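Only one structure is covered here, and it is reproduced in the block below.
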Amino acid sequence: CSVVLVPKNRSVAMPPPADIVKVAIEWPGAFPKLMEIDQKKPLSSIIKEVCDGWSLANHDQFALQHADSSNFYITEKNRNEIKNGAILRLTTSPAQNAQQLHERIQSSSMDAKLEALKDLANYSRDVTFAQEFINLDGISLITQMVESGTERYQKLQKIMKPCFGDMLSFTLTAFVELMDHGIVSWDTFSVAFIKKIASYVNKFASDISILQRSLAILESMVLNSHDLYQKVAQEITIGQLIPHLQGTDQEIQTYTIAVINALFLKAPDDKRQEMANILAQKQLRSIILTHVIRAQRAINNEMAHQLYVLQVLTFNLLEDRMMTKMDPQDQAQRDIIFELRRIAFDAESEPNNSSGSMEKRKSMYTRDYKKLGFINHVNPAMDFTQTPPGMLALDNMLYFAKHHQDAYIRVRL
């Protein structure tokens, strides 16, 4: 144990109080202020103090936000996240900012409208701003812009196509960000809006940003509302989604599989097998192998997750068959076992394998079933009464025998 001696007349430096945070605060056109924030004081008092320092009136129209790329507003709920050395910015309040943007996005000037939508897409990530904008019925305004936008600017598209594409991209981005906060129910959207979003999956297939956001919206619609699932399922087909898996953009591929998974997950039980059959007809497995798994790039975590979900949904379709016992008295099912034996042993059977006594044939069949690996050599149907694997095992054996006959015989040998 050591003792630290403090010389006379020298005080020991005390750590700053835990409630005091040292920050820098910016204001356009002024030098940043270095100040200490007392976290025990109301946030409104701190904002007033900052405004007074710059001789700004109406302090209730101002707010503090992080000066990093997030630009998130500081509230009473999240103020404890402020760290020593943080750089903050004095800015207009969320309510005033939302009101201004609500007006700006309705501007008749295309340039002004574009800048406003760009700002809206950025600010909408912040739940504090989002709540204020939504309170102004902002979601309805955005959906109306989407529904009427294409027709309204149809004449201008040839001249202003890049501008129109950017406007639509920022509009959809703002919509996605606002809805991600879970403030507004998904059940409130019209069929016209759904049709418009679904149409973008084909119409703007070459515009990555619009396509990505359209796919994200469709996925959320399907997952969050049964009524919207039915409407989306009527507007979008697997055939329309498949081409997006054959491109080179992994983010688009990921969102495409996410939409397929969502449709699969929400489909009624009697429709899932039908959907699986369509996916098989469209060669989905082969397309994923070629363009996703064997592509010359690493698979990111989100893509890996979506592929896993797709596998689970597909395998779950086999559960009923896996839990179904074979009926030893069902002649059609017994005939499948006879077919397994025939494919495996007919090549080396006698020319007239039906000749001979019943006892001889039974003995030969028993020998063959033993070679095939059945536990019950006399009545192999009994092997399929155990669940799992139940009838799923027989289905797989028959598929293997019929579609890969040479390999099946080699295994038997």
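Counting only residues that are outside the structural domain of Pro268 (by the TED database) and more than 25 Å from Lys271 (Cα to Cα), give me the helices (runs of 4 or more DSSP H) lying completely in segment 296-413 with at least 2 of them.
Ranges flagged: 331-345, 358-371, 391-403, 405-412.
Regarding segment 30-52, can at least one residue be identified that is aromatic (Phe, Trp, Tyr), modelled with pLDDT of 95 or more and either assigned to a loop (DSSP other than H, G, I, E, B) or open to solvent by less than 40 Å² (accessible area, probe 1.4 Å) (or both)?
no
Criterion first (out of contact with any strand residue (DSSP E or B) (no Cβ under 8 Å at 6 or more places or on another chain), polar (S, T, N, Q), exposed (fewer than 14 other Cβ atoms within 10 Å of the Cβ) and in a helix (DSSP H, G or I)) does Ser148 satisfy it?
Against the criterion (out of contact with any strand residue (DSSP E or B) (no Cβ under 8 Å at 6 or more places or on another chain), polar (S, T, N, Q), exposed (fewer than 14 other Cβ atoms within 10 Å of the Cβ) and in a helix (DSSP H, G or I)), Ser148 qualifies.
So which residues in segment 163-207 are of a type in the set (Asp, Glu) and more than 20 Å from Thr256 (Cα to Cα), if there are any at all?
Asp166, Asp187
For segment 175-198, which residues satisfy the criterion of being closer than 18 Å to Tyr255 by Cβ, crowded, with 19+ Cβ neighbours inside 10 Å and of a type outside the set (D, E, K, R)?
Selection gives Phe175, Met179, Ile194, Ile197, Ala198.
Taking the condition open to solvent by 40 Å² or more (accessible area, probe 1.4 Å), of a type in the set (A, V, I, L, M, F, W, C) and at pLDDT 95 or above, does Leu218 pass?
no
Does Asp166 fit the bill of being out of contact with any strand residue (DSSP E or B) (no Cβ under 9 Å at 6 or more places or on another chain), exposed (fewer than 15 other Cβ atoms within 10 Å of the Cβ) and over 21 Å from Leu136 (Cβ atoms)?
In short, no.
Restrict the check to segment 81-91 and report whether at least one residue is under 18 Å from Phe133 (Cα atoms) and basic (Lys, Arg).
No - not one qualifying residue is present in segment 81-91.
For residues in segment 93-125 being of a type in the set (Ser, Thr, Tyr) and under 31 Å from the mean Cα position of the chain (by Cα), which is nearest to His66 (Cα to Cα)?
Only one residue tops the list, namely Tyr123.
The values are calculated or read from the model by the stated rules, or taken from the named source; none is laboratory data. Note that the coordinates shown come from a computational prediction; the quantities given were computed from them, not determined experimentally. Positions of Cβ are backbone-derived with ideal geometry, glycine not excepted, and every protein chain shown enters the neighbour counts. Side chains are part of the model used for accessible areas, which takes the heavy atoms of the whole protein and leaves out ligands, DNA and RNA. Shrake-Rupley method; radii C 1.70, N 1.55, O 1.52, S 1.80 Å.
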